[in-house]
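Every number in this text was worked out from the coordinates using simple rules, so none of it is lab data. Quick caveat: nothing in here was measured; it's all calculated off a predicted structure. Please note: Cβ atoms are built from the backbone with ideal geometry, for glycine as well, and neighbour counts cover all protein chains shown.
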Amino acid sequence: TRASSLRRCDMETLHAFSLASAGLALLAAAYSSSSKQLLFSFCIFEGALGMYFPCQASMRAQHLPPSMRTVINSIFRMPLNVFAVVSILTTPTRGFQATLESGGCALLVAMVLWSLFAVYGSKKKLA
């Protein structure tokens, strides 16, 4: 209807505004000459991020069907996680230490997943 299309347009406009203001704030931070200007531009950037994530969640709820939302979000998070791990492991100043930290985090995640599967698996067997 007219009200829902108007609301979606407003949400998309707000989303575009948050992206534009975040970009301008980072540009201002790159060319700032004083610490006050730098702090102010980072505060603007944080405010833009505060608008971005609720807009993103609202648009995701509007455009993705609920049955597929989790799968699609997981698929889009995987490349980001791979990029983060590769960038940590290829940093020349923290090579071995980063490898140990990443391995420890991966081991911790594996232990948590194993315990979740053990708990929920045993509940399904009892039911």
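Label-point separation (nm) for Val85 and Val119, each offset 7 Å from Cα along Cα-to-Cβ?
A separation of 2.4 nm, rounded to one decimal place.
Whose amide H sits under 5 Å from the amide H of Ser32, counting only residues 5 or more places off or on another chain, with H placed in the peptide plane?
When sequence neighbours closer than 5 places are left aside, there are no close amide H contacts.
Computed FRET efficiency, Cβ-Cβ of Ser33 and His63, R0 41 Å: what is it to the nearest 0.05?
Working: r = 42 Å, r/R0 = 1.03.
That pair, Ser33 with His63, gives E of 0.45.
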